[in-house]
Amino acid sequence: MKRDKKSETSTLSPGRDANSPLSILLVVAPYYEDITNLLLEGARFKLDSQSIRTEILEVPGALEIPPAIKLASDQNIYDGYVALGCVIRGETIHFEIVAGESARGIMDLGLEGLCIGNGILTVETLDQAVVRANPKEGNKGGEAVEAALRLIAFRKQNITRYNRFSDAKD
């Protein structure tokens with residue numbers, strides 16, 4: 001079965017040169033600044049050991065992270081994105097809305113082909129957030145970077161899906 005050249009995904013972000021280093025945009029919602037600083041520290045530690053161009057974009061809150069990533073992706077200058085923020089349960093349903101909708105927005109963008117590591121913490125307490133964000137404990141910032149890098153690597157391999165029927169005889 002022949003593959004249509006138009007349907008093939010690019011191995012690099014459109015507009016990127018094959019020889020240029022990877023470029024990652026960290027999109028940070030610093031609502032809980034102490035937590036996001038820890039997430040950023042973990043992300044930077046993971047990135048500093050590699051030749052990856054990194055930029056940081058701050059947005060007001062977790063709900064603004066997916067639209068910011070979408071707007072940035074339209075510029076075609078980043079290979080991947082890392083979402084960093086924290087949502088802590090309160091007394092209202094606001095937690096469910098922010099946690100669910102920010103995750104849904106990131107998932108939707110991922111299904112469109114963007115390589116995104118989701119480092120938005122959704123926790124019950126501030127203590128839980130500190131443990132997960134701390135680069136020496138949970139290091140969710142570093143894990144989000146790793147997720148984005150793995151997705152980028154997967155895209156660069158230009159892997160085609162296995163079709164068990166492609167060699168079937170009539």
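A short reminder: the numbers here are calculations on the coordinates, not readings from a lab. All of these numbers come straight from a predicted model, not from anything done at the bench. Here Cβ is always computed from backbone atoms with ideal geometry, including for glycine, and neighbour counts include all displayed protein chains.
What shape does the stretch 22-156 take by its C-alpha gyration tensor, where a ≥ b ≥ c are the square roots of the eigenvalues and a/c under 1.5 counts as rounded, a/b above b/c as prolate, and the rest as oblate? Oblate, since a/c reaches 1.5 and b/c is not below a/b. Ranking Ile116, Ile106, Ile88 by Cα position along the charge dipole of the stretch 80-134, where only Lys, Arg, Asp and Glu carry charges on their C-beta atoms, puts Ile116 farthest toward the positive end. Computed 3J(HN,Hα) for the stretch 133-149, one whole-Hz value per residue from the Karplus formula 6.51 cos²θ - 1.76 cosθ + 1.60 where θ = phi - 60°, is 7, 4, x, 8, 10, x, 6, 5, x, x, 5, 5, 4, 4, 4, 4, 5, glycine and proline marked x. Remark: spin-label model distance Ser49-Glu137 equals 2.2 nm, labels positioned 7 Å along the Cα→Cβ axis. Label separation (Ser20 vs Glu124): 4.6 nm, computed from points 7 Å beyond Cα along the C-beta direction.
Converting phi to 3J(HN,Hα) with the Karplus coefficients 6.51, -1.76 and 1.60 and the offset θ = phi - 60°, the stretch 49-55 yields 7, 10, 8, 10, 6, 10, 10 Hz in sequence order, with x at every glycine or proline.
To the nearest 0.05, what FRET efficiency results for Gln75 and Ile97 with a Förster distance of 35 Å applied to their C-beta separation? Show your work: numbers first, answer last.
On the way: r = 29 Å, r/R0 = 0.82.
Using R0 = 35 Å, I get an efficiency of 0.75.
One chain, two ends: Met107 and Ala153. Fully extended at 0.36 nm per residue, the span grows by 14.7 nm beyond their Cα-Cα distance.
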